[in-house]
Every structure is written in C-alpha cells, then in structure tokens.
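Before any comments, here is the structure.
Please treat every number below as a calculation from the coordinates, not as lab data. Nothing here was measured: the structure is a model prediction, and the numbers come from that model. Using ideal geometry, Cβ is built from the backbone for each residue, glycine included, and neighbour counts are taken over all protein chains shown.
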Amino acid sequence: MKANKQTRLSYTTQAQEIVDQLSLEEKVYLMSGRVSMEEMLEDFKVRHYNWRPYPAGGNERLGVPELKFVDGPRGVVSGNSTCFPVSMARGAAFDPALEERIGRAIGQEVRAQGGNFFGGVCVNLPYNPGWGRSQEVYGEESFHLGAMGAALVKGVQQENVIACVKHFAFNSMEWARFKVSVLADKRTEREVFFPHFKDCLDAGAASVMSAYNLYHGVHCGHSDYLLNQVLKEEWDFDGFVVSDFAWGIKDTVEAGNGGMDVEMCHTKFFGDKLVDAVKDGQVSEEKINQAALRIVRTLLAFDEADNDTYDKDLIVSQEHIALALEAAEKSMTLMQNEDHVLPFSKTGTKRIAIIGALGEKGNIGDHGSSRVFPPYIVTPLEGIKRLLPDAEVVFDNGEDVERAKQLASSVDAVVFVAGYDHDDEGESVTNEDADLKAGGDRQSSLGLHAKDIELINAVGPVNRQSVAVLIGGNMIMIEEWKQSVSAILMAYYPGMEGGTAIARTLFGEVNPGGKLPFVVPTSEDHLPQVDWDASEIKYEYYHGYTKLEKEGITPALPYGFGLSYTQFTLSDAHFKVEKDQIIATCQVQNTGKVTGDETVQLYVGFSQSKVDRPVKVLRGFKRITLAPGQQETVEIACPIEKMKWYNPSTGGWELEAMDYEVFIGNSSDSQDLMQGSIRL
C-alpha cells in the first residue's frame with residue numbers, strides 16, 4: 001500500500017541511482033512547476049482553474065514520471081467531476097470510514113482525469129470561524145481535524161494518488177494571507193496548530209504544501225524551522241514539500257535553503273535562478289540532491305498504478321454520486337426542533353413554501369481553487385419538488401416581506417433557506433500578479449445577512465410549521481432570530497446532491513445525525529477577535545469551545561451537538577487504562593421510534609494539571625447506527641500519547657502523573673456527558 005512510509009522508503013536505492021545520473025539542471029527541473037502565470041490566469045477566465053492536471057518536473061530519459069497536480073478538497077477540480085459536500089460538512093458527519101471512502105472515490109477520479117497528485121487534504125485550524133476558506137477544513141478541533149484528514153489521506157493514497165496536506169502552517173485568514181505574520185508561543189504551536197498535520201503524516205501522507213503567510217516573520221515557504229527542522233527532521237517526513245501556488249515563495253536562496261522541494265505551479269524563483277544559486281555557492285548542491293531524491297522516490301512509489309483501471313467512466317459515476325448524497329445526508333445537523341416540527345409529513349404537506357434566494361441556487365461553496373464543476377447541482381427547491389411530486393411547492397425569494405408573510409400563512413409548511421454563497425466567504429486571490437476576487441473572510445458579521453434576519457423574524461412566526469435551512473462553510477450565529485422558527489437545520493455547502501439530501505431530511509426519509517464541528521456562541525465577542533487585514537497577529541492557546549469553557553461561558557449550542565428524530569439513552573460508562581491507551585465504554589440504546597445515528601464522544605479533562613490546560617478536549621469519537629430498541633456497547637480508545645503537554649523549557653512532550661477526568665457522551669456539554677477518572 002502506497003500510504004505506507006516503509007514501502008516508499010524501499011524505493012530509496014532505485015531513486016538514488018536515478019538522481020546520481022542527473023545533471024544539476026535536470027535535478028532542478030524536477031523541482032519546477034510548468035504552468036505559466038499567464039496560463040493559470042487564462043484558465044481562471046476562459047475554462048476554469050486546474051481544468052487539467054498541472055504538471056511539474058519529470059524526466060523522460062530516466063523514466064521519472066511527471067507530478068500531475070489536481071486540487072480539492074470537495075472533489076476533483078479538474079474537468080467535470082463529482083462534487084462532494086465541503087470538508088466542514090463531512091466533518092459534521094464525524095465518520096472517518098465514510099471520509100476514507102470519499103478519499104478513494106476522489107483518488108479514482110484524480111487518476112481518471114490524468115492526475116497523480118491530490119492537493120486537497122486541507123487541515124488548517126480556523127482560529128475564528130470567519131475565515132473564508134474554513135469550509136475546506138473539518139472543524140475547529142485539532143484532534144477531529146487530524147482524524148478526518150488522516151482518513152482522507154488513506155483513501156486517496158489507496159488509489160495510487162499522492163495526498164498533499166496543506167497549508168503548513170497557520171493559514172487561517174484570507175484577506176491578509178500574503179502579508180500577515182502569525183505569532184504563537186510554543187505550546188500553542190505544538191498543542192493546538194501542529195498535531196493534526198502530524199496525524200496526517202503519521203497516516204502516510206506523501207506530500208505537504210507550505211502556506212502563503214509568514215510565521216514569526218519568515219515566509220512559510222522559506223521556513224527552515226517549519227520545513228526542515230519540524231517536518232523533515234523531528235517528524236521524519238519522507239515525502240516532498242510543494243509551495244502554495246504562484247506566490248508561495250519569494251526568494252530563490254531562502255526557499256532553496258529553507259526546505260522547499262517543488263515550486264508550484266510555475267517556475268519563477270527556481271529553474272535557472274536556482275541553478276545559478278547553486279553554482280554561486282548560495283545553495284548547496286546537497287540541498288538539491290535531497291529534494292530530487294524525495295521527489296523521485298515518491299513518484300516511483302506511486303507510479304505502479306495501472307491507469308487502464310481508472311476509466312473515464314469512474315468520473316461522476318452513479319456510485320460516486322450516491323456517495324456524495326450519503327455524505328450530504330450524514331452531515332445534516334439538526335440544531336433546533338421545537339415541538340418536534342420536523343420531520344414534516346409527506347402525505348400531510350399539500351402546499352409548501354420555499355423562501356429565500358438561496359432556495360433555488362446551486363450553492364456548493366467557494367469559487368476559488370477548491371471549486372469543483374459537477375455536471376449538475378440539485379437545489380433545495382428541486383430536491384423538494386422531486387420528493388413531493390403531488391404537492392404544490394411555491395418559491396419566493398423573500399425580497400417582499402409582506403408577500404412572503406401572506407404566502408407563509410397559506411401553506412402547510414415553510415422552509416427558509418438562508419446563509420452564504422461564494423460572494424460572502426471563500427478564497428481571496430488578490431496579489432500583485434492577479435486581481436481575481438472570490439469571497440474572502442467574513443468581515444462584517446458571523447450571523448445571517450440583515451435582510452435574512454428581518455425576513456425570518458417577520459415571516460417565521462406566521463407559520464410555526466417552519467424551518468430555517470442554513471447554508472455556509474462554518475458557524476452561523478442564531479441568537480437574533482432562532483425564536484422565530486421552530487426548527488433549524490445546518491446543511492453547510494452540501495455538494496451536487498445537496499438539495500436531495502435537504503429534502504429527504506426535512507421529510508424524514510433521512511434521520512439527521514450530523515454533529516456541530518464547532519461551538520455556536522451567544523455572542524461573537526466570546527470568540528478570538530481577528531483583524532482580517534492584519535500585518536501581524538498572535539494566535540493564543542484558546543479558541544472555540546475550549547475558550548468558552550475556560551472562561552465559564554455557556555454557548556448557544558455546544559461543540560459536538562446535534563439532534564435526531566429519535567432518542568438515544570447513554571448509560572453504564574466505564575473507563576480504564578490498558579497498555580498505552582485509555583479505553584472508554586458505554587451502552588447506547590435507541591429509545592425512540594425510528595432508526596438513527598448517534599456519535600459518541602470521548603473527552604479528557606485536566607483539572608489537576610500544574611500547567612494551564614483546557615477544561616477538557618475531544619480525544620475520540622465513534623458514529624453508530626441503531627434501530628428502534630437496539631442497544632450497542634460502544635468502545636472508544638485513545639493513545640495516552642494524546643494526553644501529553646508540550647514543555648517549552650525542555651522542548652519535549654511530557655505526561656503528567658495525576659488523575660485525569662474522562663467523559664463519554666454525545667456533545668461537549670457537561671449535561672450530555674458521563675464522567676469518570678483515571679490515574680496516569
């Protein structure tokens with residue numbers, strides 16, 4: 001299996017023999033992207049970015065294949081491919097096995113589109129949910145990010161595609177990403193922002209992409225500390241590092257010495273400039289030899305795929321469409337359901353109103369580098385019409401509030417569709433070489449647009465058979481309007497089959513089992529404050545649910561929260577230490593009337609610690625499906641290694657000898673958890 005590091009290392013001798021035969025120019029060529037800035041910008045404007053795999057390197061003389069880059073993560077950007085829900089939605093599914101299956105499907109489509117390199121394992125941690133690209137990651141929690149990212153890595157690499165983990169490190173804002181220097185102390189770096197990257201590398205990821213931003217004043221693409229010391233030396237990473245595209249490195253010598261292996265996607269600072277730097281003695285040829293070995297070894301290890309098995313018929317196959325729908329359905333997160341308004345009755349709903357402009361929009365997320373181009377998109381309106389062919393489904397864009405109120409009063413049920421699209425949040429491409437604005441960070445508010453709040457508050461109370469379906473890539477504030485509707489369903493950006501999943505969930509053909517991969521506060525002030533145009537910013541140790549818990553603030557909804565159309569009873573919790581791991585078990589029973597999914601979560605607390613640590617952190621989770629009356633014993637194990645703290649004075653990880661609180665339940669709220677204690 002190519003995800004196995006030891007298998008890749010077995011190619012070292014063969015790779016070294018090849019590198020020994022290469023001239024300096026040929027070795028540097030391996031390190032060089034081959035798509036010009038003009039070609040890339042033309043692709044953005046005429047076809048679409050990355051419509052074909054972008055090549056780099058290769059050596060035909062000695063049989064070294066090209067690196068053929070395909071972006072992600074909600075599917076394959078090249079061509080017209082299957083569009084899965086965004087990673088944040090898949091994070092809400094809390095299902096690594098599902099994510100691994102998605103990885104395999106993506107890997108198959110990368111190969112079928114002619115690629116061998118997937119640049120779509122995005123695990124940056126959103127310090128604040130306003131980050132425009134946070135839809136590309138799985139949530140706010142490092143442990144969860146690592147588990148989900150590792151699953152995607154495994155799936156992609158099972159299909160002989162190199163998985164690239166990005167963006168190392170601290171890339172959590174858009175508007176300022178080319179200029180901002182991020183600061184963090186050592187514990188924040190090691191305990192909060194690094195672990196999920198290492199989890200992905202431990203799962204076998206063969207490539208890493210550097211970040212645009214600076215860290216402690218040094219461009220990440222030049223950072224000897226990040227790329228050489230941490231990645232390659234401390235973590236013993238065997239693969240290669242690529243720059244973020246076009247603007248990821250700024251200087252030939254700094255990048256060459258700093259550990260950059262491949263300049264993507266075009267050559268601006270490597271190529272002839274790097275050859276000259278070596279000849280002038282500014283970059284040692286040994287650095288070039290090391291990069292060449294890493295590149296050749298990895299490409300050889302992944303070149304054994306029989307491309308004949310990756311037929312074009314795999315692209316947007318019925319199997320992959322069904323997987324996209326399954327992922328969308330499993331991500332649906334029921335945030336509120338007063339008086340059990342949902343699910344709506346299929347037989348009792350003769351006339352239904354869909355209100356809000358997003359109701360008829362094919363809204364799959366950002367229009368930046370992660371944009372996928374599926375052959376079709378099912379809108380919420382289309383999904384409901386297809387599910388209810390005999391009902392009258394009336395759409396209203398919500399612009400005229402009085403008209404919407406009259407409509408709401410005349411129907412059996414009301415579905416508001418509100419939130420964001422690519423104009424509100426997404427990747428920002430603004431630089432000296434380009435002016436392609438696509439979204440950016442959410443600068444004004446983390447809530448709905450004012451007109452949507454006004455609409456829901458005015459129209460919602462008219463008909464209590466009402467639900468607000470939220471579309472967006474991260475947390476959306478609900479305090480200003482939640483009392484005006486009976487139910488709230490978070491749909492994220494649900495992919496090409498999103499409208500189908502929304503409809504099936506609203507009408508009970510699917511029981512929502514998603515869990516919030518972020519905390520929902522009652523005030524934005526409870527979150528870390530960010531200047532989205534900063535030249536320098538310090539990331540502190542606490543963010544998200546750990547910050548609120550540390551400060552004793554009750555959120556609107558806790559991390560890991562999600563309702564169901566059935567009820568689950570959790571009981572009989574037991575905790576023990578066995579060998580090198582903590583094991584938690586409990587009984588889970590479906591005490592309701594319909595089959596449903598529950599995600600059991602393990603948290604560990606540190607109240608006895610002599611250093612400043614969170615109240616508790618997630619350290620395991622498992623999603624299960626239970627029929628009515630069915631009971632199952634759930635066991636969750638976590639390595640003791642994950643209990644350690646980083647001691648900056650010794651430069652190492654240490655395990656405190658003390659009593660640790662352990663919790664098992666179905667959200668981070670203490671009321672939803674059973675507590676025990678273990679001694680380590």
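Some observations on this one:
- Candidates PRO555, SER284, GLY217 compared by Cα position along the dipole of the chain: farthest toward the positive end lies PRO555, with charges placed on Cβ.
- Entry note, the stretch 88-140: relative contact order of 50 percent, from Cα contacts under 8 Å with a spacing of 6+ residues.
- DSSP beta bridges fully contained in the chain are about 60 percent antiparallel.
- Kirkwood Rh in Å, taken over the chain so that all alpha-carbon pairs contribute: 25.6
- Coordinate range of the alpha-carbon atoms in the stretch 161-256 per principal axis, descending: 32, 30, 23 Å.
- Selected from GLY544, MET496, PRO512, residue furthest toward positive end of dipole (the stretch 325-546; charges at beta carbon): PRO512
- Full-stretch length increase - ASP572, ASP202 - with 0.36 nm per residue and alpha-carbon distance subtracted: 129.8 nm
- Using just its DSSP H runs of length 4 or more, each adding -39500 (n - 2.57), the chain gives a mean residue ellipticity at 222 nm of -7500 deg cm²/dmol after division by all residues.
- When each of the peptides 318-331, 489-502, 529-542 is scored by the mean number of other C-beta atoms lying within 10 Å of its residues, the order from highest to lowest reads 489-502, 318-331, 529-542.
- Angle between the chain longest axis and helix 37-46 axis [Cα atoms, degrees, rounded to 10]: 30
- Going from the residue with the fewest nearby Cβ atoms within 10 Å to the one with the most, ARG8, ARG52, ARG679 rank ARG679, ARG52, ARG8.
- Computed magnitude of the charge dipole of the stretch 325-546 (debye, nearest 20; Cβ of K, R +1, Cβ of D, E -1): 1140
- Between TYR11, TRP247, GLN318, the Cα set farthest toward the positive side of the dipole of the chain (charges on each charged residue's Cβ, about the Cα centre) is that of GLN318.
- Taking the C-alpha atoms only, the angle from helix 318-331 to the longest principal axis of the chain is near 60 degrees.
- Under a model in which nothing but the beta-carbon of Lys, Arg (+1) and Asp, Glu (-1) is charged, the stretch 100-226 shows a dipole of about 180 debye around its Cα centre.
- Against the chain, whose longest principal axis is taken from its Cα atoms, helix 285-301 shows a tilt of about 50°.
- Size of electric dipole in the stretch 566-679: Cβ of Lys, Arg +1 and of Asp, Glu -1, about Cα centre, debye, nearest 20: 100
- Here the peptides 470-479, 139-148 are ranked by packing, the mean other Cβ count within 10 Å, and the order with the highest first is 139-148, 470-479.
- Theoretical FRET efficiency, 1/(1+(r/R0)^6), r = Cβ-Cβ of LYS279 and ASP313, R0 30 Å, to 0.05: 0.05
- For the pair the stretch 245-276 / the stretch 559-594, the C-alpha centres are spaced 50 Å from each other.
- Radius of gyration (Cα atoms) of the stretch 319-388, expressed as a multiple of 2.2 N^0.38 Å: 1.32.
- Packing rank of 253-265, 78-90, 384-396, where each peptide gets the mean count of other beta carbons within 10 Å, highest leading: 78-90, 253-265, 384-396
- Separation in nanometres of the label points that stand 7 Å from Cα toward Cβ, at ASP531 and GLN581: 4.6
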